[in-house]
Amino acid sequence: MASKIKKADTVLVIAGDDKGKSGKVLQVLPETGCALVEGLNFVKKHVRKTQDNPQGGVFEKEAPIHLSNLKKTDK
């Protein structure tokens with residue numbers, strides 16, 4: 001399925017918890033039909049302490065949003 005939404009486009013969320021918010025597309029995932037949008041759809045990720053990450057803890061990161069819930073804006 002070819003998407004009209006591309007990386008660096010500005011999109012508006014039309015459904016879900018972030019409805020009405022807009023942001024810039026960071027990455028499009030065509031195999032799942034989703035996109036990562038900057039500053040939207042945050043999820044909490046619990047990270048164990050390791051040598052690479054001695055602090056550990058809970059981090060927030062963007063989760064993919066399905067393309068059917070996004071609308072490209074003219075900006």
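Counting only Cα atoms, the size of the chain along its three principal axes is 44, 25, 19 Å, in decreasing order. Taking amide H atoms as placed 1.01 Å from N in the peptide plane, the amide H of residue 34 lies under 5 Å from those of 29, 67, each 5 or more residues away in sequence or on another chain. Placing +1 on each Lys and Arg Cβ and -1 on each Asp and Glu Cβ, with no other charges, gives the chain a dipole about its Cα centre of roughly 60 debye. Taking springs between alpha-carbon atoms closer than 10 angstrom, which of 64, 30, 54 fluctuates most in the Gaussian network model of the chain? Of the options given, 54 has the highest mean-square fluctuation. Sorting 62, 38, 31 from the fewest to the most surrounding beta carbons within 10 angstrom yields 31, 38, 62. Each label point was placed 7 Å from the Cα along the Cα-to-Cβ direction; for residue 66 and residue 27 their separation is 2.1 nm.
Read the figures in this text as sums done on the coordinates, not as results from a lab. These figures come from a predicted structure and were not determined experimentally. Using ideal geometry, Cβ is built from the backbone for each residue, glycine included, and neighbour counts are taken over all protein chains shown.
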